[in-house]
Every structure is written in C-alpha cells, then in structure tokens.
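What follows is a set of notes on a single structure, which appears directly below.
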Amino acid sequence: MPVKGFDTPHLLPVLKHPGHTGLYIDNLIFKNREEVFAGSICFCRFLSPEEHKTALSRLQTGEREYYDTIKSEKRRKDYLLGRYSAKLAVAKLTGEQEPDIVTVEKGDSGQPVLRYRSFADIQVSITHTGDFGAAAVFPKTCPLGIDLEKVSPGRAKVLAKKMTDGEKKLLENTNIPRDRGLIMVWTAKEALSKLLKTGFTIPFDMFEISEMTSGNHGQAAVYFRNFPGYKSLFLDLGSYGFSIAFSGALEPGINSAALKEFFLREEK
Ligand SMILES: CC(C)(COP(=O)(O)OP(=O)(O)OC[C@H]1O[C@@H](n2cnc3c(N)ncnc32)[C@H](O)[C@@H]1OP(=O)(O)O)[C@@H](O)C(=O)NCCC(=O)NCCS
C-alpha cells in the first residue's frame, strides 16, 4: 500500500544524537483500508547543560532572535524543547541529515509553522509541560494535534472545574482513575484545538467530549460532540498523560508500550 502525504517518503532511522539520553524518537503511522500516512514524533528533555547547549546551537537565526526576546527562563526552555523536538522529528521522518535547517515559525494564531526545504506538505504540532517538550510531524492531508500534561493533584483540582456535567458523568462510568480521566479529557481537547489550529480561541464548550472507550494499558479513545470527524487517543505515561487527535476515519500506529517504557525509565 503506498504511503500518502509525501513526494518522497523516507523512513530511515538515521538520527544520531550522541550522549543525549532524554530523547524518544519514533515513527507514527495512521491508516485506513486505502491509505497509509506516515509521520514521526519526538519527546525530549535536557538532562545536562551540554544537551541544552546543543539544542540552542541548532536554532536558526530567526528562532534564536525570538528566543533571546523571551524573558521567562521556563518559557525559553519550553520554546527550545519544542523547536529541537520538531527538528529531530523532521529528521526522523525525512532522513534529513542536517536537522538544523528546519525552522518553526509562529503562525497568526500562535500555531507552529514548519519551514523545511520543498516539503511544504509537512506540518508540526508542539507541546511542552514539566521537563518535557514534544513535537509530532505529519503530512497536511493527515492533520494531527498533540498535548502532554503532567499529572498532579493541583492540576486535577483546576481541571475538575473545567469539566461539563456530561464529561463528569462519563468519567464516573469508566474504570479510569479520576486524576488520569481529568488529564485525558483536557489533553484531548487541547490536542483537537491544535489540530484545528484555533487553540482555545473558540468557545471552550465546542470541544465537549461525547464518548470515551478505555482499552488496555491505560489507553483510551475519546470522541468529540461537535467534531465527529476527529477522535483522540490517550496514553497514560505514568506521571504524564498524552493525547493525539486525528481523523476519526484512521487507525493509529504508535508504539505506546515503548513510549510508556521511556517515560517510566525517565521517572527513575
Ligand atoms: C493552543 C493552546 C491551547 C496551547 O496551550 P499551552 O498551555 O500553551 O499548551 P502546550 O504547551 O501544550 O502547547 C504550546 C504550543 O501549542 C502550539 N500552539 C499555540 N497556538 C496554537 C494554535 N492556534 N494551533 C495549533 N498549535 C498552537 C505552539 O506551538 C505552542 O508552543 P510554542 O509557542 O513553543 O511554539 C493555547 O496556546 C491557545 O489557546 N492558544 C490560542 C490563543 C492564543 O493565545 N493565541 C496567541 C496568539 S499569538
């Protein structure tokens, strides 16, 4: 079956990142009976000042200029983690040997806009939370949105106030622990808002969850009342929860066991 979405699909694991252990980079596959779409994903955190420095040296002029205007240390790190992850995810997908040439600009709604050679057809979604940043790269014919959130009692308290009555009922009727369930609902909405490129600029109620089905190993599928064309996959990653929103007509191929193992290892 042909892989759709690229002029020349390369799926070569050519990335080399010596000494950088806080990295998880993998392929993403989405398919239905007729088509297969290939993407990639990178999760990253800096475990040493050297790793931070390496990432900084890979920013292109415009990115570095923007980075230098950021006042908050946390926001600087988040920005860098997102850009670095995006460059590595592009390299994973395309086989690009010089990921530095990939740049991610800011679109009118704050959305990341990928600039990379002639690959006008690939896009990126970025998230950052806690010590991690992540980026998913995908063909524009297979739009994705991602969101990663750290699980914490404080966060659960805030998120509980943002649930609709319907969502509260759905959560009561699943076997998903409450703190995970709240993160699941929130990250699914944020992932969809990124896929749509609106963020939360449209009424928050528009993102209401209508259904969720829990699977094995903390995975769950989440469906949206007002956007039946999309769904979201939730992965319980220990101290983190991750959602990826995509077309409801596709089945995802994501190595969730390896990703969870990476996060559990990182926690130790
Ligand atoms: C999208 C949104 C829900 C993300 O919330 P967050 O708490 O920042 O969450 P995350 O850390 O997971 O994601 C941040 C990333 O989302 C991406 N993002 C921001 N707005 C986006 C949009 N409209 N569509 C898609 N992705 C978007 C960015 O890449 C951002 O990272 P970066 O600024 O380092 O590039 C939130 O930023 C939002 O609602 N934005 C729209 C409203 C707004 O403030 N616009 C600013 C106009 S410039």
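The values are calculated or read from the model by the stated rules, or taken from the named source; none is laboratory data. Since the model is a prediction, treat every value here as computed from it, not as a measurement. Every residue, glycine as well, gets a Cβ built from its backbone with ideal geometry; the counts of neighbours run over all protein chains shown. Just the protein is used for accessible areas: all its heavy atoms, side chains included, with ligands, DNA and RNA removed. Shrake-Rupley method; radii C 1.70, N 1.55, O 1.52, S 1.80 Å.
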- Using only the alpha-carbon atoms of the stretch 26-106, report the extent along each of the three principal axes, biggest first, to the nearest angstrom. 49, 26, 24
- Note on the structure: Binned at 10 Å starting from 0, the alpha-carbon pair-distance distribution of the stretch 210-268 in whole percents comes out as 22, 50, 23, 5, 0
- Placing each pseudo-label 7 Å from Cα in the direction of the beta carbon, Ile202 and Glu34 end up separated by a distance in nanometres of 2.5 nm
- Task: Could I have the simple spin-label model distance between Ser239 and Arg64, label points 7 Å from Cα toward Cβ, reported in nm to one decimal?
- Result: 3.3 nm
- Note on the structure: The rounded separation in angstrom of the Cα centers of the stretch 96-137 and the stretch 155-228 is 25 Å
- Item | Angle in degrees between helix 73-94 and the longest Cα principal axis of the chain, rounded to the nearest 10 | 80 degrees
- Looking only at Gly130, Gly238, Gly62, which one moves most when the chain is put into a Gaussian network model with springs between Cα atoms under 10 Å? Gly62
- Task: Could you tell me whether the stretch 68-200 comes out rounded, prolate or oblate from its Cα gyration tensor? Rule is a ≥ b ≥ c as square roots of the eigenvalues, rounded for a/c under 1.5, then prolate if a/b exceeds b/c, otherwise oblate.
- Result: prolate
- Query: Cross-link list Lys92/Lys162; Lys71/Lys150; Lys77/Lys168: which exceed 31 angstrom alpha carbon to alpha carbon?
  - Reply: Lys92/Lys162; Lys77/Lys168
- Query: Counting only protein heavy atoms, what percent of the accessible surface of the chain is carbon or sulfur at a 1.4 Å probe?
  - Reply: 51 percent
- Note on the structure: Given a Förster distance of 45 Å, the FRET efficiency implied by the Cβ-Cβ spacing of Glu98 and Asn173, rounded to the nearest 0.05, works out to 0.35
- Whole-number accessible area per residue in Å² for the chain, which is evaluated in the context of all protein chains at 1.4 Å: 47 Å²
- Item | In Hz, Karplus ³J(HN,Hα) per residue of the stretch 138-150 (6.51, -1.76, 1.60; θ = phi - 60°; x = Gly, Pro) | 7, x, 5, 6, 9, x, 10, x, 10, 8, 10, 9, 7
- For Ser152 and Lys71, FRET efficiency with R0 = 30 Å and r from the beta-carbon atoms, rounded to 0.05? 0.75
- Using the Cα gyration tensor of the stretch 148-249, with a ≥ b ≥ c the square roots of its eigenvalues, what is the shape: rounded (a/c below 1.5), prolate (a/b larger than b/c) or oblate (neither)? rounded
- Query: Looking at the stretch 3-142 from every direction and averaging, what is the projected area of its Cα convex hull in nm²?
  - Reply: 8.6 nm²
- When only C-alpha pairs under 8 Å and at least 6 residues apart count, what is the relative contact order of the chain, in percent? 18 percent
- If the cut-off is 18 Å between C-alpha atoms, which lysines fall inside it for Lys231, apart from same-chain ones fewer than 8 positions away? Lys31, Lys140, Lys189, Lys194, Lys197
- Query: Among Met184, Ile126, Val113, whose Cα sits farthest toward the positive end of the charge dipole of the stretch 83-186 (+1 at Cβ of Lys/Arg, -1 at Cβ of Asp/Glu, about the Cα centre)?
  - Reply: Met184
- Task: Express the C-alpha Rg of the chain as a ratio against the empirical globular expectation 2.2 N^0.38 Å, rounded to two decimals.
- Result: 0.97
